[in-house]
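Reviewing the structure listed below.
The values are calculated or read from the model by the stated rules, or taken from the named source; none is laboratory data. Note that the structure is a prediction, hence the values are computed from the model and not measured. Here the Cβ is made from the backbone with ideal geometry for all residues, glycine too, and neighbour counts use every protein chain on show.
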Amino acid sequence: MKRRDFSIQLAGAGLGVALAGTARAQGGPVEGQQYVRLGTAAPVTLPAGKKVEVVEFFWYECPHCFAFEPVLEGWTKKLAPDVAFRRVPVGFTARHQVAQKLFYALEEMGQLATAHRKIFNAIHGQGQRLTSEADALALATAAGVDGAKFSETFKSFGVNTKATKARQLSDAYKIDGVPALGIDGRFFTSAALAGGHDRAVSVADYLIDRSRKG
């Protein structure tokens, strides 16, 4: 979903499928078609023992991110031990930033693992809104999170700092639509580029291996 039009569908998906077929015929993903190499490297955060960072840029209200979630969950379970994966919510507009702060408040409270998928399901399966702090509070409490503690955390310095850093990272990767995958601060791909969700993680596998080899 593009930053300038929340309702737009994956306009490039058809083109991406065609390009993916070309890439397969040539033996691998093609730079500038199935993935983009950054001109200037983005910051990378690697825990001890990890060699390659993978970042998923997403937005809770994005239907394509919701559709991508099952593919992503299955894929991340198979990642090699030297790969560090994390999600980064985008903050393109004030509306996106509400979702951003919801994500980081849940993370700060240690509730993200249990609440993340519930938030997605409430928005896309039950039609819940996420346009204000009140909406975020309603979603969090429905997911079993303590409301008073959530409200306090939502406004905290820690959450605001994480949200600011997330916006800086998406800018560094030049992300203008979601979902997208950033690899090692050097590359990014997406379903629109690769030709579908499954193809996006296949291209990411290729880029992880390439990053690992230097």
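Within the range 6-33, the set of residues being in contact with a strand residue (DSSP E or B) (Cβ under 6 Å, 6 or more places away or on another chain) and at pLDDT 70 or above comprises Pro29, Glu31. Taken over the range 36-93, the residue count meeting the criterion of being of a type in the set (Ser, Thr, Tyr) and under 18 Å from Ile183 (Cβ atoms) is 3.
Within the range 144-178, the residues that satisfy the criterion of being farther than 20 Å from Arg86 by Cα, of a type in the set (Gly, Ala, Ser), assigned to a helix (DSSP H, G or I) and touching a helix residue (DSSP H, G or I) at 6+ places or on another chain (Cβ under 9 Å) are Gly147, Ser151. For the range 152-178, taking the residues that are under 15 Å from Lys101 (Cα atoms) and of a type in the set (Val, Ile, Thr), the one that is surrounded by the fewest Cβ atoms within 10 Å (Cβ to Cβ) is identified as Thr161.
Inspect the range 79-99 for any residue being of a type in the set (Phe, Trp, Tyr), at pLDDT 95 or above and touching a Lys or Arg at 6+ places or on another chain (Cβ under 8 Å) and give the result as yes or no. Yes, the range 79-99 contains at least one residue that is of a type in the set (Phe, Trp, Tyr), at pLDDT 95 or above and touching a Lys or Arg at 6+ places or on another chain (Cβ under 8 Å).
Take Lys149 and decide whether it is among the basic types (Lys, Arg), surrounded by fewer than 18 Cβ atoms within 10 Å (Cβ to Cβ) and within 25 Å of Val44 (Cα to Cα). Against the criterion (among the basic types (Lys, Arg), surrounded by fewer than 18 Cβ atoms within 10 Å (Cβ to Cβ) and within 25 Å of Val44 (Cα to Cα)), Lys149 does not qualify. Among residues of the range 36-64 that are closer than 12 Å to Arg87 by Cα, those with a Cβ under 8 angstrom from a residue that is hydroxyl-bearing (Ser, Thr, Tyr) and surrounded by 12 or more Cβ atoms within 10 Å (Cβ to Cβ), sequence gap 6+ or separate chain, pair up as Glu53/Thr45; Val55/Tyr173; Phe57/Ser170; Phe57/Tyr173. Of all residues in the range 59-90, those being among the aliphatic types (A, V, I, L, M), over 23 Å from Ala105 (Cα atoms) and buried (at least 19 other Cβ atoms within 10 Å of the Cβ) number 1.
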